[in-house]
Structure formats: structure tokens, C-alpha cells
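Comments concern the structure below.
The values are calculated or read from the model by the stated rules, or taken from the named source; none is laboratory data. Keep in mind that this is a model prediction, so the values were computed, not measured. With ideal geometry, Cβ positions are generated from the backbone for all residues, glycine too; neighbour counts draw on all protein chains shown. Note: accessible area is taken over every heavy atom of the protein model, side chains too, but ligands, DNA and RNA are not part of it. Shrake-Rupley method; radii C 1.70, N 1.55, O 1.52, S 1.80 Å.
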Amino acid sequence: MSGKVVKVSGPLVVATGLQDANMSDVVRVGPQRLIGEILTMKGDAASIQVYEETSGLGPGAEVVTTGAPMSVELGPGMIEGIYDGIQRPLEKIVEKVGACITRGVEVPALDHEKKWEFTPVVSVGDKVAGGDILGTVPETPVVLHKVMVPPNVSGTVTRIESGSFTVLETIAVLKTDDGREVELPMAQHWPVRVGRPYQHKYPPKRPLCSGQRVIDTLFPIAKGGTAAVPGPFGSGKTVVQHQLAKWSDVDIVIYIGCGERGNEMTDVLREFPELKDPRTGESLMKRTVLIANTSDMPVAAREASVYTGITIAEYFRDMGYDVAVIADSTSRWAEALREMSGRLEEMPGEEGYPAYLASRLAQFYERAGSVECIGSDERRGSLTAVGAVSPPGGDLSEPVSQATMRIVKVFWALDSALAYRRHFPAINWLNSYSLYLDSLKPWFDENLGPEFLQDRGAAMSLLQNEASLNEIVQLVGKDALSPADQLTLEVARMVREDFLQQNAFTDIDGYSSYDRQKKLMSIILQYEHLCRDAITAGAPVAKLFEIPSREKIGRAKSVPADEYEGAYAAIESEMAKEIEAVVAQGGED
């Protein structure tokens, strides 16, 4: 069915004669067959969001509807893929038309020629339902792709093949309850704006170990949780997300660059294939899908990218994998909503954003979770969503930051003042929070002991006391403080510099296991405890700060991973002896 263009306003095209089309249908616009999606219908007039440049398009051009909603093609071959916001494979497009992507280019998302080795796990006569695993394909050395029955299909297996097949060749035939025969290839399609079904969603109970001490110890995120990383330009949002992508204990990473500057996405595209995955020893790309929707693409295309990414993530979650979706940044996505809303002449909300901004953000983040997958066998998968927010000038009172804060459970507030002091990750411990501490407490208590969260509480208390003491220091100077307050400032500085500060560019300090984090925090707090007792016994505070073990604690995070246990135990015993010696000397010179 086709219609005619009557109005072109940037990425918004209005066409008439589409009375039988539906909202969210994909259409092809004009002689170049530009990709578009129907946003609203009014009689036979459709408002279409075009995901490509519309210059040269005018009234009278033909609009053809495909009759299907915006969907992604799911199947073997997605891992290591680099797609744009509407799942066009950028590497294949470069091979076809060169580095400058021409408008209207049509390339399938999956390679339809490549053959994959399929091994069935069901037999003829087995009854299968939506979500059941038909067989497996070794997609990369680290990802075993599980080929599943589409969610809306069930029946009895009448034929199942084994061997090498393309994603479009039939690998199984099902006979449904009403007698129809359904041929199943490895590839399946799913509309991006509809969440994939699951059996049951559970409260997240296990932490996502990122190896970043300020995140894991102070503001942990659960597997299946949601987090936001807001911060001004230059505060390290992208580096924090790179660290999460590299070190998090998840099986699959979906990295969405939804409209960030091209140079940042270029770094990802160049570095990820070369980065060695610490879990497997392979390239990090062997378990990563990149969606590179950079600034030179039309603003409207940014809006589709987060839906494309999270739908691909749900597909891998349904296999029983732990998946992380990292969106950089949702502010650019919100700008696409704002532009389309303005062109549709909708009533604007605060700062010109549409009134439905918060509900659209919620629709994205609510697709995260720890779920029991559909299917007859029991499989658990999780989808963790982390979105960067780029508030203009670092102003967290703007609408995207505020709407995000109301939705997500973890808020890592990046601070330009910390970044300028070269304190990375520049997560401000006074503005950040995690609402998962209560639900993760049983896991921490069982695996790390109840003292882990007690130490966390003590560290947070020290940092908050330091903030209030700093105001006094600015008025009267550090020497006017009591010895106990001087110790508080010193230990808080140790927490900041020796524990929270972390160097992403060194192999030893780039990642810190939970056990190592616990022991390092314990040493710092043990130092505080012994020093407080020593001050009570009359020891001079200046001498306590000068003991050799104080410097060794500062260098403890540089100890190699296979040596830290012995080194930390040695520091603790030496520290106790040195403080005892200071107490024995008392106030003597």
C-alpha cells in the first residue's frame, strides 16, 4: 500500500493515502526508499519519523508501507557486530557503498550467506513451546548461541536438522496444535518497542561485580538493576562505562552510543577489538555488540538506537545469560524525542522536552531485570541497564537527570571538581546513592561476612564527617582541630586516595576483586581504630601519621593480585607494632 508525501519538516514527513497502515509500521519514503516509522495516524494522514537525511525530498513523493513494525533481526552473527541505530551493519555497508553511507542503502542485519554449525538438543516427537532451546551454535569462542523457538510458537517437532546452515535455512519443522506446519530458521524478528516476554521477574539479589571500588563497595548495582551516570563534560562518563563493559561479570555487553560525539564512539570501535577480555583471554568484542549511532546521523535515528540495543539484550537474556546494556548517553536520546515532539507541534513540557519524557525513560529502564525465562526448562537471565546522562553544564536539576533519578535505583554522580583534581573515577560520594544495599545484604553477609557492610558504613561516615570538618578548617586551619578530628581528616583522605581513587590504565589497579576491596578497607579502618586508642593513651598524632606502614597502605593497591593477601597481612601486623611503639614513647621527643 502506498501514499503521497504532503509535508516535509526535517526528519518529520506527513503522507496521505495510508488509511490501512498502523502506528509503528516501517515505511519506505521517496525514490531513495528512506527508512521511516509511523508515529501518529489521523484519518489517512500519517506522521512519519524518517531515520535518514530528508534533503531533496518533496511533496508528491511515494511512501510505501511494509506492513510490519520496526523490528530487529535476531540470530547467530550479532556478537562482534557494529550496527547503527536501526540495526544496519556498518561494516557491510562500508563494503557495499564505501565510507560515506548513501541514503536508502538496504543491507540485512545478519549475514544471510554465512553458514553456522547447528547442533540440535531436541528430537523428533518432542513437544516444544515458545522460548525452548532447539539447538546451539558456537557463535564465538566465548558465546554459545542458543537457538530458541519464537515466543509465540509452540507444537511438536516433526523434523530437526543437524549440520551447517545459513540463518534463513529451515533447521526444524513444528506441527502446531491446530495442524499447521511451521518451518523455523535460526533467525527471528522482534518489534523493538515491545519487551520480550518472560515467565517471572525477581527482585535482584546478586551484585554486579565491576572491579571499581567506589562502585562495588559504596554504591553497588545488582545484576538486573538500573543505574545512571550523570556528569558534565570531561568528568569521565565514557571511561566509567568502558570500565563497566570491560570488567563487569556479565556474559554479554551491548554498548549503545546513542548520539554521542563521533570521536568517543571511535575510541570504542578502535579499542574494544584490541582489548583483552580478562575473563576469557579473547578479544572483548567476542562477547560485545556495538550500536554506533553517532552525531553525524540524523537526530531522529538516536531515538531508535536504545530500543534496538535493549531488544538485542533481551534476546540474549532469554538464553539465560547475564547481559549489560550501556547507553551513552540518554540525554542525546531525549534530544531526539524533543525535536520530534516539537515538529509534531505537541504541547512542550519543561525546557521543551515532551511531557511524556519520564514515561519513555521508564519504558526503557523497566525492561531491565532478573527474570525466569520462558520455556519448559528453567533458565534465569538478567539484564542490567546503565545509562549515562549529559546534563548541560553538569546541572542535575534539568529534566532528563530528574526523570532518570526518579526511575533508577543507583545514581553515580560524577563531579568535575574531582575530575580536575585527577581523582578518577570522579564519582562524588556525597551526591551518589544505591538503593540495592538492603536487597544485596544477604549476599554480602554470606560471601564477605557482615563486617563488609559495617566497614562500608564506617567509611561513608568518615567521608561525611570530613565534609563538615573541611568547613571548619577553611575558617580556623587544620592545626586548631582536636587530635581526634585531625585523625578523622587523615583517615578520610586515606579512604579517598588509597581506596576510592583507581587507575584504569594499569592492569593491577584497573580491577579489584571483592575480597581485595574488603581487605583494603579493613586495613584503613584498622589503622583508624588503633590510632584512636593511641591518641586516648596520649600518643602524639603527628607521629602516628609518620609511621612507615601509613605509606605502605597508600601503596597497597599496587600490589600484584596474586600477592596481595600476604602483603596486606604483613602491613596489618607491622602497623600494630609501630603504633604500639609510638604509644610507648608517649610525648617524648
> Within the chain, what percent of beta bridges assigned by DSSP are antiparallel, to the nearest 5?
Replying inline: 70
> Put a dot 7 Å past each Cα toward the Cβ at Glu106 and Ala417; how far apart are the dots in nm?
Replying inline: 5.7
> Under a 5 Å amide H to amide H cut-off, with H placed in plane at 1.01 Å, what residues pair with Tyr202 once short-range neighbours are removed?
Replying inline: Ser370, Val371, Glu372
> Straight-line reach from Lys175: which lysines have a Cα under 16 Å away, not including same-chain ones fewer than 8 places off?
Replying inline: Lys127
> How large are Rg and Dmax for the range 220-355 when only the alpha carbon atoms are used, in Å?
Replying inline: 15.9, 53
>> Give me a comma-separated list of calculated 3J(HN,Hα) values for the range 8-18, in order, Karplus coefficients 6.51, -1.76, 1.60 applied at θ = phi - 60°, integers in Hz, x for any Gly or Pro.
In response: 10, 9, x, x, 9, 10, 10, 10, 10, x, 10
>> Kirkwood Rh and Cα-based Rg: tell me the resulting Rg over Rh for the range 319-444, rounded to two decimals.
In response: 1.04
> How much solvent-accessible surface does Ser2 expose, in Å² to the nearest 10, with a 1.4 Å probe and all protein chains in place?
Replying inline: 60
>> Ignoring solvent entirely, what values of log10 I(q)/I(0) come out of the Debye formula for the chain at 0.07, 0.12 Å⁻¹ when each Cα is a single scatterer?
In response: -0.50, -1.20
>> What's the longest uninterrupted piece of the chain once you rule out the GluC sites (Glu not before Pro) that are loop residues per DSSP with at most 10 other Cβ within 10 Å?
In response: 114-344
> When only C-alpha pairs under 8 Å and at least 6 residues apart count, what is the relative contact order of the range 168-217, in percent?
Replying inline: 23
> Looking at the range 89-122, which trypsin sites (Lys or Arg not before Pro) are in a loop (DSSP not H, G, I, E or B) and have at most 14 other Cβ atoms within 10 Å?
Replying inline: Lys114, Lys115
> So what is the 222 nm mean residue ellipticity for the chain from helices alone, if each DSSP H run of at least 4 adds -39500 (n - 2.57) and you divide by all residues, rounding to the nearest 500 deg cm²/dmol?
Replying inline: -10500 deg cm²/dmol
> Counting only protein heavy atoms and using a 1.4 Å probe, what share of the accessible area of the range 5-162 belongs to carbon plus sulfur, as a whole percent?
Replying inline: 52
>> Can you give me the accessible area per residue for the chain, using a 1.4 Å probe, in Å²?
In response: 41
>> Can you tell me which lysines have their Cα less than 19 Å from the Cα of Lys205? Leave out same-chain residues fewer than eight positions away.
In response: Lys223, Lys409, Lys441
> Within the accessible area of the range 434-589, what % is carbon and sulfur when the probe is 1.4 Å and the other protein chains stay in place?
Replying inline: 51
> Setting aside same-chain residues fewer than 8 positions from Lys552, which lysines have a Cα under 21 Å from its Cα?
Replying inline: Lys518, Lys519, Lys543, Lys577
>> Rounded to the nearest 10 Å², what accessible area does Ser558 have for a 1.4 Å probe in the complete protein model?
In response: 70
> Top to bottom by accessible area (1.4 Å), largest first, where do Arg532, Arg422, Arg180 land?
Replying inline: Arg422, Arg180, Arg532
